[in-house]
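Beneath this line is the structure, given in structure tokens, with notes to follow.
The values are calculated or read from the model by the stated rules, or taken from the named source; none is laboratory data. Just so it is clear, the structure is predicted and the values come from calculations on it, not from any experiment. Note that each Cβ is placed from the backbone with ideal geometry, even for glycine, and that neighbours are counted across all protein chains shown.
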Amino acid sequence: MLKQNKIINSDMIAQFQKQEKLISYISLALIIVYPLLFIWQGLDFTDMGYWLTGYQQFLIAPEGISTGLLNWASYALGWLVATVSSDFGVVAFKIAFVPIVWLMLYLVYMLIHDKTPKNWQIIVLPILFLTQAYVIAKTTGNYINYNNLTALFFILTAFTLYRGLTTTSLFLIGLSGFFVGFNLFVRFPNLLGIILILLIVMWGWTNNSKLIDILRQSSSFLLGIAIAVIMVFMLIGLSGHMDYYLDGLANIFIAATDTESHHSSGRLLKLFIRDHFFAFIGGTLALLGSYFIANLLQSTTRIIKMFTILSLSIIIIPIFNYVNSWKWFVTGAMYLVLLAGVGYGLKRDKPLMLLCLLAGSVLLLVPLGSGNGMYNALYGSWLALPLMFVLLVRLLDSGFKHFKWKFLSISLTPLPLMAMLIVSVILLFSMGKFFYTQRDHPNRLLMTHNVVGYPSLNGVYTTKARARVVEDL
């Protein structure tokens, strides 16, 4: 039975390799085009209006932003976009969101490509597109803001820290610290990124490094943070925003101690515990369910596999979305697989262990401090989600030969089943994005009207009724 499955898998992989270039080109085209599809529709005067007004008033009237300048770097980068693209209006901030996505996916590709078995590298780009479809489908704003900037700087941190530790480059380790320090000013809770120094210590310990080497690397990391903090504080002072920043800093501590606050430390701690309790339960159920379904379908035809996966996806994913439980199932699955990857890598592939720790740390850190709780973990999924699939692929490719548990000794999902799973999830999340715009009409087919007479809203389409109301206003 095992021998037959291996032959089938080899034949299937050979067929896919013949089409590898075509699949890669199509996947790359989708990655490039997908984030561009949804930036033209939707006119939101709440969150987007708040942030874009802040970018515009950053230097003109900072008192209007006031304590919000605690996120000084987010406003500074938004102001830069506003300054460079002053003739383009609102759509410029949405276009600025797109290269952020592309850059993160490129960095993730550079991290996971070498970790993917050679005969499975055909699915790397489709996995990245799946990640893109998942995150963008759930993001609350497709314009440049502190959520996607937080994700970007954590990915930059993970990339440079991984490369720095695996190549013993003090410069790259210091650069990773610089990104952590800068990220503090993108969103204040990103300060917790400093705990990534523990990964430097763990890496040195698992590799039997000398204490002096661990101290050098840790010092480089902390020096990078210090340089970024000093540099940004100097810019805050030169821009005349220091009082606003300090007021914002005082207010965040007041909110943390106010039991009635939406962001009180007690409430955030309870939310953290509840989310992770449900995540580990949901993740366990998701992985066990996938395991048993995969084995039930192992000996069936491709048509039955495709029909079953698509049918289950169509039934299950909308239910998860409706009860808002997808965040626990998906995030929990990522946590569990990454933990397994840490254990696997500790004995057989130390760089893989480090990458899993970095991905898990980013997944954990990104939502901290947010009243949305684990919902915001999706912004930390850019590395964790594709790495989860890479880890599953490595286990599939090895046939679990490194594991002693008998119930894992059988051959699991072949490549076509994995491909169909990816395609079904991409389609469903893309459908979800098609029927979702932040605080605007859910039907994109009706959003074909521009607000006439206002150049700053050129390229932004909404419903006819909304466009006319805005004109009247």
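If you take the residues of the stretch 113-166 that are in contact with a Leu (Cβ under 6 Å, 6 or more places away or on another chain) and without any contact (Cβ under 8 Å) to a residue 40 or more places away in the chain, which of them is surrounded by the fewest Cβ atoms within 10 Å (Cβ to Cβ)?
ARG163
What are the residues in the stretch 125-137 that are modelled with pLDDT under 90 and over 13 Å from the mean Cα position of the chain (by Cα), if any?
Within the stretch 125-137, PRO126 is the sole residue that qualifies.
Restricted to the stretch 171-220, and to residues that are free of Cβ contacts under 8 Å to residues at least 40 places away in the same chain and outside any helix (DSSP H, G or I), which residue is surrounded by the fewest Cβ atoms within 10 Å (Cβ to Cβ)?
ASN208
For TYR106, all conditions in the list (1) surrounded by 22 or more Cβ atoms within 10 Å (Cβ to Cβ); (2) over 25 Å from LYS327 (Cβ atoms); (3) among the hydroxyl-bearing types (Ser, Thr, Tyr) hold save one; what is the number of the exception?
(1)
Look at the stretch 431-453 and say how many of its residues are touching a residue at least 40 places away in the same chain (Cβ under 8 Å) and part of a loop (DSSP other than H, G, I, E, B).
Residues meeting the conditions: 7.
State all residues of the stretch 442-452 that are surrounded by 12 or more Cβ atoms within 10 Å (Cβ to Cβ), out of contact with any strand residue (DSSP E or B) (no Cβ under 7 Å at 6 or more places or on another chain) and farther than 23 Å from ASP87 by Cα; if no residue qualifies, say none.
LEU446
So, of the residues in the stretch 297-308 that are at pLDDT below 75 and among the hydrophobic types (A, V, I, L, M, F, W, C), which turns out to be nearest to ALA286 (Cα to Cα)?
LEU297
Report, by residue number, each residue of the stretch 335-362 that is crowded, with 24+ Cβ neighbours inside 10 Å, under 14 Å from the mean Cα position of the chain (by Cα) and at pLDDT below 95.
Correct list: empty.
Yes/no matrix, rows are residues, columns are (1) surrounded by 20 or more Cβ atoms within 10 Å (Cβ to Cβ); (2) of a type outside the set (Lys, Arg); (3) at pLDDT 65 or above; (4) in contact with a Phe, Trp or Tyr (Cβ under 6 Å, 6 or more places away or on another chain):
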position: SER381; (1), (2), (3), (4): yes, yes, yes, no
position: ALA384; (1), (2), (3), (4): yes, yes, yes, no
position: SER398; (1), (2), (3), (4): no, yes, no, no
position: VAL425; (1), (2), (3), (4): no, yes, yes, no
position: TYR436; (1), (2), (3), (4): no, yes, yes, no
position: ARG439; (1), (2), (3), (4): no, no, yes, no
position: TYR454; (1), (2), (3), (4): no, yes, yes, no
position: ASP472; (1), (2), (3), (4): no, yes, yes, no
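Yes or no: PHE277 within 30 Å of GLY332 (Cβ to Cβ) and among the aromatic types (Phe, Trp, Tyr)?
Judged against the criteria, PHE277 is a match.
Only residues that are part of a loop (DSSP other than H, G, I, E, B) and more than 27 Å from PHE434 (Cβ to Cβ): list them for the stretch 95-142, please.
THR116, PRO117
Can you name the residue in the stretch 37-53 that is in a loop (DSSP other than H, G, I, E, B) and at negative phi and, of all such residues, is surrounded by the most Cβ atoms within 10 Å (Cβ to Cβ)?
Filtering first and then ranking leaves LEU43.
Check off (1) under 21 Å from the mean Cα position of the chain (by Cα); (2) under 24 Å from GLN41 (Cα atoms); (3) not charged (D, E, K, R) for SER85 and give me the number that stays unchecked.
In the conditions (1) under 21 Å from the mean Cα position of the chain (by Cα); (2) under 24 Å from GLN41 (Cα atoms); (3) not charged (D, E, K, R), SER85 misses (1) alone.
Among what's in the stretch 235-268 and is within 25 Å of the chain's Cα centre (by Cα) and either at pLDDT 85 or above or not aliphatic (A, V, I, L, M) (or both), pick the residue that is surrounded by the most Cβ atoms within 10 Å (Cβ to Cβ).
Looking at residues that are within 25 Å of the chain's Cα centre (by Cα) and either at pLDDT 85 or above or not aliphatic (A, V, I, L, M) (or both), I get ARG267.
Sort out which residues of the stretch 54-87 are assigned to a helix (DSSP H, G or I) and of a type in the set (Asp, Glu), and write them in order of number.
GLU63
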